[in-house]
1. Count, please, the residues in region 159-171 that happen to be surrounded by 14 or more Cβ atoms within 10 Å (Cβ to Cβ) and among the acidic types (Asp, Glu).
2. Please enumerate the residues belonging to region 60-96 that are basic (Lys, Arg), within 16 Å of ligand 2 (Cβ to nearest atom) and over 23 Å from residue 38 (Cα atoms).
3. So, restricting to helices (runs of 4 or more DSSP H) that lie completely within region 290-361, which ones have at least 3 residues that are more than 20 Å from residue 280 (Cα to Cα) and of a type outside the set (D, E, K, R)?
4. Hey, does region 202-215 have a residue that's under 14 Å from residue 243 (Cβ atoms) and assigned to a loop (DSSP other than H, G, I, E, B)?
5. Looking at (1) assigned to a helix (DSSP H, G or I); (2) within 16 Å of ligand 1 (Cβ to nearest atom); (3) aliphatic (A, V, I, L, M), find the lone condition where residue 240 falls short.
6. Within region 283-297, which residues are within 14 Å of residue 70 (Cα to Cα) and within 16 Å of ligand 2 (Cβ to nearest atom)?
7. Scan region 235-293 for residues that are hydroxyl-bearing (Ser, Thr, Tyr) and either crowded, with 20+ Cβ neighbours inside 10 Å or at pLDDT below 95 (or both) and jot them down.
8. Got at least one residue in region 317-324 being assigned by TED's automatic domain parsing to the domain that holds residue 7, within 17 Å of residue 128 (Cα to Cα) and surrounded by fewer than 19 Cβ atoms within 10 Å (Cβ to Cβ)?
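The values are calculated or read from the model by the stated rules, or taken from the named source; none is laboratory data. All values derive from a computational prediction rather than experimental measurement. All Cβ positions, glycine included, derive from the backbone under ideal geometry; neighbour counts span all protein chains shown.
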Amino acid sequence: MAYKIAILPGDGIGPEIINQAEKLLQCLQQDFGFNMELESAAIGGAGYDAVGHPLPEASLVLCQQADAILLGSVGGPQYESLDRDLRPERGLLGLRASLELFSNLRPAMLYPQLVNASSLKPDIVSGLDIMIVRELTGGIYFGKPRGIRELENGEREGFNTLVYAEHEIERIARSAFDIAMLRNKKLCSVDKANVLEVSELWREVVVQVGNDYPEVELSHLYVDNAAMQLVRAPKQFDVIVTTNMFGDILSDTAAMLTGSIGMLPSASLDRDGKGMYEPIHGSAPDIAGKSIANPLAMLLSVAMMLRYSLGEPELANLIDTAVGNVLNQGFRTADIAEGGNTVSTVEMGDAVVAALRALVK
Ligand code: IPM
Ligand code: MG
């Protein structure tokens, strides 16, 4: 049976990098017996331009019916003045919520070839391999009430609600413990339990779930300290589990440890392992259309899709190897170049496809 894969290019550099992912998938189909059907749909600003909504109904239906979803990126300055509910980010958040993609895996791994691209000293980051597990469908991103209201004195007040129910904490904790079991069995839960009641409950539930995983060494950090530790001594971490907003922030920090946010893929999974896969970087409107964006985070997202949703770990490993080989061969897009020649988005995509083909020869 053919895997049904929904392709959502989105905005900015999204379409350029998604093209490279499609090229890679076609190579898997032609040379590796991978059987798939691809179908594209609009999301984000592209959805708004097409039908006036960042998450068109047809796109949602396509995603519901697909075995997995690949997404480029959403957002752009031309949409910033739109009503909040019509902004591109709403398309992405709506998809996460509608499909209940509560478990967001954001690996931060340093390729040895890129150790000098990191802004931190090589001995601090070399060998770095962290997995951030971010809660993705709850917390302050979705809590109600929310809004901007006028007070009696005419002043306006903005408000959001940070709320987590026990079952939401429990399922993300389980997800993180399961992943820790497959790795180095160390889990650090990040919260702000010294100030927030919701964090107090978070910590309590994580500890409870931990009773089912006696082999995993569980620790806790307050988020401010975690942010500091991530740049001070990042290799102390194996798996980090945290809330939606803390995870948003810490995963960007962790990304930069690896040299470029252009290298990092992500998976957003529901309870059955169905998922959406996207680079963690944004739509980078400043470089869109120039074919200079790094497609590797997108291509590594394809590898994660094969591994986590489609049960094709061998193919996933081949892509990871091909990316490593391309870096060994010296191919660099502008974001990871240290002087020297750079290649375009398309050339980088072609190089990975060639490296993949070379693996079957
Ligand atoms: C991310 C992004 C999104 C988020 C935006 C685009 C809504 O920053 O995936 O990290 O905040 O979750
Ligand atoms: Mg973010």
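1. 2
2. Hits for region 60-96 are 87, 90.
3. The helices (runs of 4 or more DSSP H) meeting that bar are 313-328, 345-360.
4. No, every residue in region 202-215 fails to be under 14 Å from residue 243 (Cβ atoms) and assigned to a loop (DSSP other than H, G, I, E, B).
5. (1)
6. The answer is 297, and nothing else.
7. Correct list: 242, 243, 251, 253, 258, 260, 266, 268, 277, 283.
8. Yes, region 317-324 contains a residue that is assigned by TED's automatic domain parsing to the domain that holds residue 7, within 17 Å of residue 128 (Cα to Cα) and surrounded by fewer than 19 Cβ atoms within 10 Å (Cβ to Cβ).
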